[in-house]
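Report on the structure given below.
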Amino acid sequence: MTDSVVMDQAREGRLTHAPANHPGVPRAKVGVVVANLGTPDATDYWSMRRYLSEFLSDKRVVDYAAWKWQPLLQLIILTKRPFSSGKAYKSIWNKEKDESPLLTITRAQTEKLTERLKALYGENVEVDFCMRYGNPSTKSVLGRMKEKGCERIVFFPLYPQYGSPTTATANDEAFRALMKMKWQPAIRTVPAYFDRPTYIQALANSVTDVYSQLETRPTKLVASYHGVPERYLLEGDPYHCQCQKTTRLLREALGFSKEEVDTAFQSQFGPEKWVGPQTVEHVATLARQGHKHIAILSPAFSADCVETLEEIKEEIHDSFIAAGGETFSYIPCLNDREDHMDALLEVINNDLSGWL
């Protein structure tokens with residue numbers, strides 16, 4: 001860095017007393033990083049295998065002993081699953097941008113949050129997003145934030161309900177990135193926001209918007225959350241309880257009766273018992289009970305992804321129809337809706353308190 005650049009920074013107030021040969025230090029800023037689960041780079045076998053290997057090797061996701069799990073994963077599961085997962089991703093892939101919908105939506109969310117935060121704080125804040133698995137990686141984004149002068153960072157996993165396989169592993173990865181930095185920024189991790197009124201109201205608005213366009217009213221609204229093994233609940237993970245509370249608060253905000261709204265859990269795999277009921281089975285049961293029209297939403301997902309666009313809209317939809325159901329109304333995730341962005345901004349501002 002030239003002496004003139006150093007002196008320019010000194011005039012900005014960052015290096016007032018620095019000698020001319022002092023390494024350049026950017027103006028101090030606060031960073032905001034939103035984090036989501038992740039995405040493969042493409043749908044081919046090797047891209048899917050790399051992504052699934054990283055995801056399923058995470059001890060927060062599958063906590064079996066490595067000596068038992070890794071041979072099964074690497075030699076059996078990852079020889080077959082990249083094909084089926086790749087097929088699922090192909091069915092929802094954003095072909096125009098050649099990327100997964102999760103990546104497209106998370107980028108759009110970040111752009112809208114950037115506009116809002118820049119309007120409030122100007123150039124004193126930097127905003128970016130990362131993925132726990134795949135790209136852009138947590139390590140690369142936090143490194144870029146540090147290079148831009150972010151000495152304080154609000155790290156925001158976009159999971160309304162806290163779960164050790166989601167929120168905790170995102171935070172773990174952020175702290176692993178900090179471990180490799182000579183000069184660590186201060187960091188705040190954003191807690192779960194499953195019961196914040198603005199989030200609940202955004203969910204309620206999304207339901208009302210879809211219901212207002214339907215010719216007939218669904219006789220059941222199903223809130224479908226990603227599942228976890230029942231053992232996690234018994235070991236102290238609050239996810240299941242927070243999901244139940246989100247459903248209750250949503251029902252109250254909508255003014256629906258208890259009989260109109262159910263909670264269910266999807267995406268079960270492996271032999272052990274998971275929290276239930278399982279969504280794919282529950283919707284079939286509803287159809288057999290005479291419910292011809294149901295609606296379903298996914299309050300645990302901040303953005304539509306393979307679990308919603310493929311699993312719910314295809315597999316779970318087909319289960320309902322095969323059991324005698326007639327109309328299946330999917331309510332999209334909150335994505336980059338304006339009321340969702342306002343709710344996320346409120347959460348971020350709360351954690352920026354005292355920093356800006």
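The values are calculated or read from the model by the stated rules, or taken from the named source; none is laboratory data. All values derive from a computational prediction rather than experimental measurement. When we count neighbours, we look across all protein chains shown, and the Cβ atoms used for this are built from the backbone with ideal geometry, even at glycine. Accessible surface is based on the protein model in full, side chains and every heavy atom, while ligands, DNA and RNA are left aside. Shrake-Rupley method; radii C 1.70, N 1.55, O 1.52, S 1.80 Å.
So here's what we get for this one:
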quantity: Phi-based couplings in Hz for segment 88-102 (Karplus 6.51, -1.76, 1.60; Gly and Pro marked x); calculated: 5, 5, 4, 5, 10, 4, 7, 5, 5, 9, 6, 7, 6, x, 4
quantity: Segment Arg248-Ser57, extension gain: residue separation times 0.36 nm, minus the distance between their alpha carbons; calculated: 65.3 nm
quantity: Surface share of carbon and sulfur [accessible, 1.4 angstrom probe, percent] for segment 270-334; calculated: 50
quantity: Distant-in-sequence amide H partners of Asp336 (H built 1.01 Å from N, under 5 Å); calculated: none
quantity: Proximal lysines to Lys29, defined as alpha-carbon separation beneath 17 angstrom and excluding residues fewer than eight positions away on the same chain; calculated: Lys118, Lys146, Lys148
quantity: Net charge over other residues, Cβ less than 14 angstrom from the Cβ of Thr189 (K, R count +1; D, E count -1); calculated: +1
quantity: Matching label, volume of the Cα convex hull per residue in Å³ computed from the structure shown, candidates (i) 164; (ii) 202; (iii) 152; calculated: (i)
quantity: Cut-off 15 Å between beta-carbons: net charge of the residues surrounding Phe83, Lys and Arg +1, Asp and Glu -1; calculated: +4
quantity: Amide H contacts of Tyr133 (H built 1.01 Å from N, under 5 Å, at least 5 apart or other chain); calculated: Gly38, Thr39
quantity: ³J(HN,Hα), Karplus 6.51/-1.76/1.60, whole Hz, each residue of segment 53-60, x for Gly, Pro; calculated: 5, 5, 5, 7, 8, 6, 5, 6
quantity: Accessible solvent surface per residue of segment 136-254, calculated while the other protein chains remain in place, 1.4 angstrom probe, Å²; calculated: 44
quantity: Nitroxide proxy distance, nm - points 7 Å out along Cα→Cβ at Ala119 and Arg231; calculated: 4.8
quantity: Counted charge near Arg152, where neighbours are those whose Cβ lies closer than 10 Å (Asp, Glu -1; Lys, Arg +1); calculated: +1
quantity: Rounded to the nearest 20 debye, dipole of the chain from Cβ charges on Lys, Arg, Asp, Glu; calculated: 860
quantity: Segment 27-157 - percent of accessible surface contributed by carbon and sulfur, probe 1.4 Å; calculated: 56
quantity: FRET efficiency for Trp46 and Glu338, using Cβ-Cβ distance with R0 set to 41 Å, rounded to 0.05; calculated: 0.55
quantity: Sequence ranges 118-127, 188-197, ranked by mean other-Cβ count within 10 angstrom, highest first; calculated: 188-197, 118-127
quantity: Segment Asp195-Ala66, length gained on full extension (0.36 nm per residue, minus Cα span); calculated: 42.8 nm
quantity: Extreme residue, positive dipole direction of the chain, given options Asn350, Met145, Leu37 (C-beta unit charges); calculated: Met145
